[in-house]
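Data block below; observations after.
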Amino acid sequence: MESESITSVLKEKRIFKPNKGFVREAVIKSRAEYQRLCKQAEKDPEGFWGNLARELVWAKPWKKILEWKLPYAKWFVGGKINVSYNCLDRHLATFRKNKAALIWEGEPGDSRTLTFQDLHREVCKFGNVLKNLGVAKGDRVAIYLPMIPELPIAMLACARIGAIHSVIFGGFSALAVRDRVNDAGAVLVITADGGFRKGAVVTLKEKVDEALKETPSAQKTIVVKRTKSDIVMQKGRDFWWHDLMVGASDKCNAEPLDSEHPLFTLYTSGTTGKPKGVVHSTAGYLLGAMITARWVFDLSEIDTYWCTADIGWVTGHSYVLYGILANGVTSVMYEGAPTYPAPDRIWEIVEKYKVNVFYTAPTAIRALIKLGKEWPLRHDLSSLRLLGTVGEPINPEAWIWYHEVIGKKRCPIVDTWWQTETGAIMITPLPGAIPTKPGSATLPFPGISADVVDRNGKSVPLGSGGYLVMKKPWPSMLRGVWGDSERYQKQYWSDIPGMYFTGDGARRDKDGYFWVMGRVDDVINVAGHRLGTMEIESALVSHPLVAEAAVVGCPDEIKGTGIVAFVTLALGNPPGDKLKDVLKAHVAKEIGQIARPDEIRFAENLPKTRSGKIMRRLLRDIAAGQETVGDTTTLEDYTVLAKLRQEED
C-alpha cells in the first residue's frame, strides 16, 4: 500500500432531507437523536452494545461484554445464546406466529409463503435430519443451493444444533465447491438437482458430484428436488431432502451456544486464487445484523421487506435472513434473474407483494437504467417507502434515477457501506434522521468508529482522501480467517497498525460525510495524483448516453499510469470515435483535466460477479494486454472477457 494521499475530484452538492411524513413514523427521528446515540456509544461502548444485546433472548447471561486483545475480540463473554431461537422461537409466543416470515417467488412463477410457525417446524425437522446423519455441534456443513426456501431452512437448522454453515454461492464451479468444502473440512453437502436462472436449469448436483471426487471430509449429501432434472444418486452417500423430512420429528431444542461459537464461515475470493473463509460469531453477529436492520431500514411490524441479494453472499446472510427474521419482519426471496422473463420482473414482484422496503445493488440499478424507465413505470410502486443500495459506491446519477423513477421523490435512500468482514452495515444514513447526498454513505452507524487516515494512522483533513479504517472493535466484526490466523492479522491489521483497514479509499467532506472512493487497489496514479476510479466512473455515467462505466489504469510512459475507461452505452446509442471525444471532454469538464481518460473502449457488457460487482482486476489485464491471472470463479459470464479481448484485437 502506497503512502501518498488519494486525490478526491468528485463534486456533488445536492442534499435531500427526510420528508416530514417519513420522520413522524421513523424509528430514529432526528439528527439530535442520532448524535445522542453516537455520544452514548463513544462514552460507554460496552454499555451501549450491552443494552442493545439485552433485547435478545439469552440461555445464559454474559459475564463480560468485551474482551479485546488486538486484533482478537470476544463479545458477551460467558453468555450462551442460539440464533435460530432468536429468529424463530421467540416470535411464536406473539401474534407473529401466523405472520409471513418468508415470501418466496420462483423464477418460473411458482411461490410459497412460510409463516414463522411454518418455518420453525421445517427448521426443527431439518435439524433432526442433520443430527440423524451424524452432524454434531462444531461440524461444518456446506450449503450449495439456489435461492429456494430450503436454503434458509438449512442455515437456521445448522444454527439450531450448533453446526457451522458454509454457504457456497450457486453460481460457483465444481472446482470452487471443492476448494471451499476442503478448506472448511465440511462433513456434509446440501445441494439440489438444479435451480432456474434466465429460463435455463443451473446444474448443481453434477458440480457437487465432480467436487466430491476430491473432498475426503464430506461423506454425505442431501439433495433437494427443485427442477426434476435427471441426476445420479449414489447409494449410501446421497439422500433426497423430501425422503429424510418425512419421518423427522418437528421437536428440536435450540442448543445453547457460547456467544463466540462460530455461526458460519463465508468465503471471499482472492486475487491469488485461494479463497479465504471469513468467520463470524453467534451473539455479536446476530446483534449487529438485527439492530442495523431495524434502524437503517426503519423496520416496522407491517413491513414487507425485499433484499435482492443472493444468500450466497453476506448481504443475503445478514439482510435476507438473520437481521430481518430477528426483528420479526417479513422477508421476500426471489430465485431467478432480475430481468427474466421480461425487464420488469423486479417491479412486478414489488407490485405483487406490496414491498415497502427495497434493497439492491448499484450495478442492478444501472442495468435497469440501461433498459429504460418505461419498465418500472408500467407498475404500481406506491407501496415503497424506503430504498437502499449495497455492494459498491453508487454514482450520483444512478442515485437520482433511483430516487426519481423508483422512489417518486418521496422514498429516502440508504446508501450503505459494509463488507463480508464487518458482518453488518457500518456507514449509512439513518433515514429519518440524516439528510442524504447522492453518492455518499453519509455517517457511521452509532457505535462504529470509522475514520479516514493516512498511512501512519493519522486522521486526514476534511476534504482529503485517505484510507478507510475502523479504530475500535464492534460486535459483528469477523473473528478471523478459517484455519489461517496469520492471514487474518496480515490482511486486516498490518497495513495501518492498531486499526482495521478496510481496503477502501475514502474522504470526508466538510459535514463529516463519508465518500467511499473504491478499493485502494483500484486507485490510479496519474502524474503524481492518486485518483479513485469511482469518481471518474461517476462523471462518465452522468452523461445521458452512458449506462455504466468502469475505469482502470494502464501503464503510460509519460504519466506513469494512463486512464482507460470501459463504457456501456444506454440502449439505442451507437458507439463511435466522435462520442469518445465527447465523453473525454465531459469528464474534463465535470471533474478536471487531470481525470480526462486517455482511452475509451465501448463494451456491450462489463465483467461482473453474480453479485453484480465489476471485476476491475480483469479489465486492468485487458487494458494492459496481459493474460488474465488469479481467481475468476466468481465471474458470471466468461463470454464478456472474450468479447472485450476481440474488440481489443
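Every read-out reported here was derived from the displayed coordinates using simple, explicitly stated rules and does not represent laboratory data. Keep in mind it's a predicted model, so treat the numbers as computed, not measured. When we count neighbours, we look across all protein chains shown, and the Cβ atoms used for this are built from the backbone with ideal geometry, even at glycine.
Some points to look at:
- Partner aspartates and glutamates for LYS510 [C-alpha distance under 15 Å; skip if fewer than 8 residues away on the same chain]: GLU12, ASP451
- Computed 3J(HN,Hα) for segment 24-41, one whole-Hz value per residue from the Karplus formula 6.51 cos²θ - 1.76 cosθ + 1.60 where θ = phi - 60°, is 4, 9, 6, 5, 10, 9, 7, 4, 5, 5, 4, 5, 4, 5, 5, 5, 4, 5, glycine and proline marked x.
- Protection proxy ranking of 102-111, 23-32, 155-164, 398-407, by the mean of other Cβ atoms within 10 Å over each peptide's residues and highest first, is 155-164, 398-407, 102-111, 23-32.
- Principal-axis tilt of helix 362-371 within the chain, Cα atoms, nearest 10 degrees: 70 degrees
- Pairs exceeding a 25 Å alpha-carbon distance, out of LYS13/LYS584; LYS198/LYS370; LYS409/LYS580; LYS370/LYS437: LYS409/LYS580.
- In terms of packing, defined here as the mean over residues of other Cβ atoms within 10 angstrom, the peptides 48-60, 83-95 line up highest first as 83-95, 48-60.
- Trypsin sites (Lys or Arg not before Pro) within segment 182-285, DSSP loop, no more than 12 other Cβ atoms inside 10 Å: LYS198, LYS228, LYS235, LYS251
- Helix 174-184 vs. the chain, principal-axis angle (Cα, 0 to 90°, nearest 10): 60 degrees
- Helix-only mean residue ellipticity at 222 nm for the chain, each DSSP H run of n ≥ 4 adding -39500 (n - 2.57), per residue, nearest 500: -8000 deg cm²/dmol
- Counting only residues at least eight positions apart within a chain, or on another chain, the aspartates and glutamates with an alpha carbon under 19 Å from that of LYS373 are ASP344, GLU348, GLU351, GLU397, GLU404, GLU548.
- For segment 32-126, the dipole from Cβ point charges (+1 on Lys and Arg, -1 on Asp and Glu) about the Cα centre works out to 560 debye, to the nearest 20.
- Long-range amide H partners of ILE600 with built H, under 5 Å: ALA565
- Within segment 111-217, DSSP assigns beta bridges of which about 35% are antiparallel (rounded to the nearest 5).
- On the beta carbon distance between LEU571 and ALA342, with R0 = 22 Å, the FRET formula returns roughly 0.90.
- Candidate cross-link partners of LYS131 among the lysines, defined by an alpha-carbon separation under 23 Å and a same-chain spacing of 8 or more, comprise LYS80, LYS205, LYS220, LYS225, LYS235, LYS251.
- Cut-off 13 Å between beta-carbons: net charge of the residues surrounding LEU386, Lys and Arg +1, Asp and Glu -1: 0
- Of (1) 41.9; (2) 47.7; (3) 26.9, the label for mean projected area of the Cα convex hull in nm² derived from the coordinates: (3)
- Extension gain for LYS578-ARG24 works out to 194.3 nm (0.36 nm per residue, less the C-alpha to C-alpha distance).
- As a calculated quantity, the FRET efficiency between LYS137 and SER229 at R0 = 30 Å, using C-beta atoms, amounts to about 0.30.
- Remark: the HIS242-LYS370 segment gains 41.9 nm on full extension, using 0.36 nm per residue and subtracting the alpha carbon distance.
- Helix 639-648 and the longest principal axis of the Cα set of the chain meet at an angle near 10°.
- Isolated cysteines in the chain, defined as those with no second cysteine Cβ under 4.7 Å, comprise CYS38, CYS87, CYS158, CYS307, CYS411, CYS554.
- Inter-probe distance in nm under a simple model that places probes 7 Å from Cα toward Cβ, at GLN593 and ALA200: 4.9 nm
- Check: the chain dipole with +1 on Lys, Arg Cβ and -1 on Asp, Glu Cβ, in debye: 1840 debye
- Within the chain, percent of DSSP bridges classed antiparallel, to nearest 5: 60 percent
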